[in-house]
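Below you'll find the structure, written out as structure tokens, and then a few comments.
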Amino acid sequence: MKINIVNYLNDIDHSKTIELVGNAVDHKFSLQKMEVSIILVGNDKIQELNRQYREKDYPTDVLTFPDGEHHYLGDIVISLEKCEEQRLSYNHSFERELGFLVVHGLLHTLGYDHISKEDEIEMFLLQDNILETIELKR
């Protein structure tokens with residue numbers, strides 16, 4: 001899978017973690033011919049997008065805009081500020097939280113969701129399995 005990474009904060013290079021997770025998801029689902037964009041932003045930008053597309057006026061951690069056309073999975077927008085807040089709250093590494101958000105977004109582009117309890121269980125077990133295979137554990 002080809003991953004386009006756009007970092008609007010220009011703080012730290014997060015490509016190693018993103019590519020590690022992308023490769024694990026690629027391996028699990030055979031996505032070699034697919035492409036995805038991962039856009040790293042701050043809380044202000046993700047709040048603006050959350051308000052515009054979901055009518056929810058607060059910053060969230062990850063937004064996914066699936067496409068699925070012509071080998072393009074879609075766009076995944078991640079707030080690095082929210083990532084840092086959540087990693088402190090969960091008391092694990094930034095890489096683990098970022099990895100979780102990337103795999104979560106990628107699974108959404110593949111049609112997984114967590115609206116029903118059954119779907120949530122399936123999606124979260126799959127996320128945990130993928131993160132464990134690359135040793136990004138809590």
Subject >> Number of the condition not met by residue 66 [criteria: (1) modelled with pLDDT under 95; (2) over 13 Å from the mean Cα position of the chain (by Cα)] >> reply: (2)
Original post:
Which condition number in (1) surrounded by 13 or more Cβ atoms within 10 Å (Cβ to Cβ); (2) within 19 Å of residue 97 (Cα to Cα); (3) in contact (Cβ under 8 Å) with a residue 40 or more places away in the chain is the one that residue 46 fails?
Top reply: (3)
Original post:
If you go through the range 8-22, how many residues are part of a helix (DSSP H, G or I) and touching a residue at least 40 places away in the same chain (Cβ under 8 Å)?
Top reply: 5
Original post:
In the range 1-15, what residues are of a type in the set (S, T, N, Q) and open to solvent by 70 Å² or more (accessible area, probe 1.4 Å)?
Top reply: 10
Original post:
Within the range 51-138, which helices (runs of 4 or more DSSP H) (wholly inside it) include 2 or more residues that are exposed (fewer than 12 other Cβ atoms within 10 Å of the Cβ)?
Top reply: 80-90, 117-133
Original post:
Assuming residue 33 fulfils every condition listed in (1) in contact with a Gly (Cβ under 7 Å, 6 or more places away or on another chain); (2) part of a loop (DSSP other than H, G, I, E, B) apart from one, which condition is it?
Top reply: (1)
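The values are calculated or read from the model by the stated rules, or taken from the named source; none is laboratory data. All values derive from a computational prediction rather than experimental measurement. Cβ coordinates were reconstructed from backbone atoms using ideal geometry, including for glycine residues, and neighbour counts include every protein chain displayed. Surface areas here come from the heavy atoms of the whole protein model, side chains and all, with no ligands, DNA or RNA. Shrake-Rupley method; radii C 1.70, N 1.55, O 1.52, S 1.80 Å.
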